[in-house]
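To start, the structure under review is shown below, and the notes come after it.
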Amino acid sequence: MSTSSTLEKPNTGTWDGGNEPLKASYGKLMMWFFLLSDAFTFGAFLIVYGLSRHTHLPYTGEAEAFTFSQQWWPIPEKVFNAFPGFHGVDLPLAFVALMTMILILSSVTMVLAVEAGHRMDKNDVQKWLLWTILFGGTFLGCQAWEWSHFIAGTEEGLLLADGTRIFGANLTVNQYGPPLFADLFFFITGFHGTHVFTGFILLIIAFISTVNGVYHKRGHYEMVEKIGLYWHFVDLVWVFVFTFFYLI
């Protein structure tokens, strides 16, 4: 009778050095770790924004009589009230709402791409990835227009106490209010836009790989699923950025 029999441990799905933790692959687990660390960074930016706004004087008058001043924090709907093709029309937050809708739709098409990957349906993966790329590119274009309008400013600008008139905003001057408002706008929306652009590039790579049959030959579309996790995270973060910066 042999004494060299081996004892096999049952696969419980928990981490013991040999099994996949919670049935997640190494790649997906690392993506979750990255997204968790990235969430702390975005959270820090938004906390700084909240504290900065709390330390500045709010506007206490009637909304109809609001004027830009470096003495108080601006009302977001008075800053972001422009819309392409509607020059001079007051449309508070309409363009930002459109950007949010576009990003939400891109999240839906990403879900459909991942679901098609689970079915090993190459054509559907291609189709839904292409739609996600189109929505992501449109969002980036919208953000570029919003930045250009924010930087250019309004036609009347802001007259300072020393008699100079400033237009738009940059990292040192701000027509709309305290310079810190512009600084945080560029840092927070720019940081998020960088994430969207990164996801946009990853989506293009995934689309090309899908067309060439790379994932189909592997027998799975896990890479599409990992990119989907990243894309959904970017969409979710935008909801918080939109709430903190544009609504509160």
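The values are calculated or read from the model by the stated rules, or taken from the named source; none is laboratory data. Because the structure is predicted, anything quoted here is derived from the model rather than measured. Glycine also receives a Cβ, built like all others from the backbone with ideal geometry; neighbour counts cover every protein chain displayed. For the accessible areas, the whole protein counts, side chains as well, though only heavy atoms, and no ligand, DNA or RNA atoms are used. Shrake-Rupley method; radii C 1.70, N 1.55, O 1.52, S 1.80 Å.
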Checklist outcome for this item: Scanning region 58-106 for residues that are open to solvent by 80 Å² or more (accessible area, probe 1.4 Å) and of a type in the set (A, V, I, L, M, F, W, C), the one nearest to residue 148 (Cα to Cα) turns out to be 86
Checklist entry - When you scan region 128-163, how many residues do you find that are closer than 15 Å to residue 107 by Cα and free of Cβ contacts under 8 Å to residues at least 12 places away in the same chain? => result 1
Checklist entry - When you go through (1) open to solvent by 20 Å² or more (accessible area, probe 1.4 Å); (2) part of a helix (DSSP H, G or I); (3) more than 15 Å from residue 231 (Cα to Cα) one by one for residue 116, which number turns out not to apply? => result (1)
Item to check | Output for region 121-147, where each listed residue is open to solvent by 70 Å² or more (accessible area, probe 1.4 Å) and among the hydrophobic types (A, V, I, L, M, F, W, C) | outcome: 130, 131, 134, 145, 147
Checklist entry - Which one of these is under 18 Å from residue 150 (Cβ atoms) and aliphatic (A, V, I, L, M): 184, 229? => result 184
Checklist outcome for this item: Taking region 148-204 and keeping residues open to solvent by 50 Å² or more (accessible area, probe 1.4 Å), in a loop (DSSP other than H, G, I, E, B) and among the hydroxyl-bearing types (Ser, Thr, Tyr) leaves 164, 172
